[in-house]
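The values are calculated or read from the model by the stated rules, or taken from the named source; none is laboratory data. On a predicted model such as this, the values are computed, not experimentally measured, just so you know. FYI the Cβ positions are ideal-geometry reconstructions off the backbone, even for glycines, and counts take in every protein chain you see. Heads up: the accessible areas ignore ligands, DNA and RNA and are worked out on the full protein's heavy atoms, side chains in. Shrake-Rupley method; radii C 1.70, N 1.55, O 1.52, S 1.80 Å.
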Amino acid sequence: MKVATAPGYNSGRVNERKILQGTGYTLMYLGLILVALVQIFPLVWLLIFSLKNNQEIFNMAPFSIPAHPHWENYVNVWTNGNIAQYFVNSVLITAIALALTVLLASFVTYAVTRMRWKGRSFVLGLFMVGLMIPVHSTLIPLFSLFLKLHLTDSPISIILSYVAFNLPTTIMILLGFYYALPKEVEEAAIIDGCSVNTMFFRIILPMTSSVLATTAIINMIYNWNEFIFVNTFISSDKYKTLTVGVQNFIGQYTTDWGAIGATLMISILPILIVFLLLSDRIVEGIAAGSVKG
């Protein structure tokens, strides 16, 4: 036997549910806004820091804006601090290492997931072992190796190091996406007379564009901000990157803190702009590769 309920009771429950749901969304957005403010806090401080001279930095409050902002700090570091050369070096090294890493990782992932050959699990395991190797533990062996190969003080040593350490992470991200690719597409391409190379470059790579964008962004952020390898293997100013070039403003007796802030701000802006424009690709690519078919 059904128990009759008054219409007002049901509508009251619905309204209560909507109120609770709206309150939950409000709290969630407030929390996200708070997190965003915390994330933006260091950037605002760095911008204000870069517009001060040494006296203002030590005598004024951290978030106090100077009466006359020193925009000449940016002109000084770009023209007299060799930052323009460091910027070009960062762009070239990051771009070359990024292209090699993504291409080689795609080769390895395609061979491991889409081809049948002995030892593929062993090879994949070797690459995954690379995730467990700390960067600092390899500095001395790598320096000794590059010294014997006459690659010290050369951008090649930096590019090879970036590619080697980024390959395991890139392959791991690509694995789930490649497993989920439908094999019917490849079978149809083979029936049409498509070779393996043509199928990889004209079919597989376009199908994996979203996850490739994800790996590209992650690799770009790491390569652009990397400091240890450049500081260890590079000694000439003509090959240094932005992260190491900031040391030029640290002297034995005096330090130009405003110039350091301007250099850091210049180094942050490109990667910040790229991340803001393409950040949705990270979520899209990871979500697409998280389900194994």
Let me spell it out: the conditions are (1) at pLDDT below 85; (2) part of a loop (DSSP other than H, G, I, E, B), and Ala288 meets all of them except one. Which number is the exception? (2)
Within the range 78-94, can one find any residue that is open to solvent by less than 50 Å² (accessible area, probe 1.4 Å) and over 30 Å from Thr215 (Cα atoms)? yes
Test Gly81 against the stated conditions and say whether it is under 27 Å from Ile250 (Cα atoms), small (Gly, Ala, Ser) and touching a helix residue (DSSP H, G or I) at 6+ places or on another chain (Cβ under 8 Å). yes
What residue, among those in the range 113-128 that are free of Cβ contacts under 8 Å to residues at least 24 places away in the same chain and assigned to a helix (DSSP H, G or I), is farthest from Val211 (Cα to Cα)? Phe122
Just one of Leu277, Leu264 is open to solvent by 40 Å² or more (accessible area, probe 1.4 Å) and modelled with pLDDT of 85 or more; which is it? Leu264
In the range 102-149, which residue that is modelled with pLDDT under 90 and charged (D, E, K, R) is least open to solvent (accessible area, probe 1.4 Å)? Arg114
How many residues does the range 154-194 contain that are open to solvent by less than 80 Å² (accessible area, probe 1.4 Å) and either hydrophobic (A, V, I, L, M, F, W, C) or at pLDDT 90 or above (or both)? 26
Helices (runs of 4 or more DSSP H) contained entirely in the range 178-254, each with at least 3 residues that are assigned by TED's automatic domain parsing to the domain that holds Leu104 and in contact (Cβ under 8 Å) with a residue 60 or more places away in the chain: 209-225, 228-233, 242-245
Selection from the range 131-177 of residues that are under 26 Å from Asp237 (Cβ atoms), within 20 Å of the chain's Cα centre (by Cα) and free of Cβ contacts under 8 Å to residues at least 24 places away in the same chain: Leu160
Can you confirm whether the range 204-218 contains a residue that is more than 27 Å from Ser137 (Cα to Cα), open to solvent by less than 50 Å² (accessible area, probe 1.4 Å) and touching a Cys at 6+ places or on another chain (Cβ under 9 Å)? no
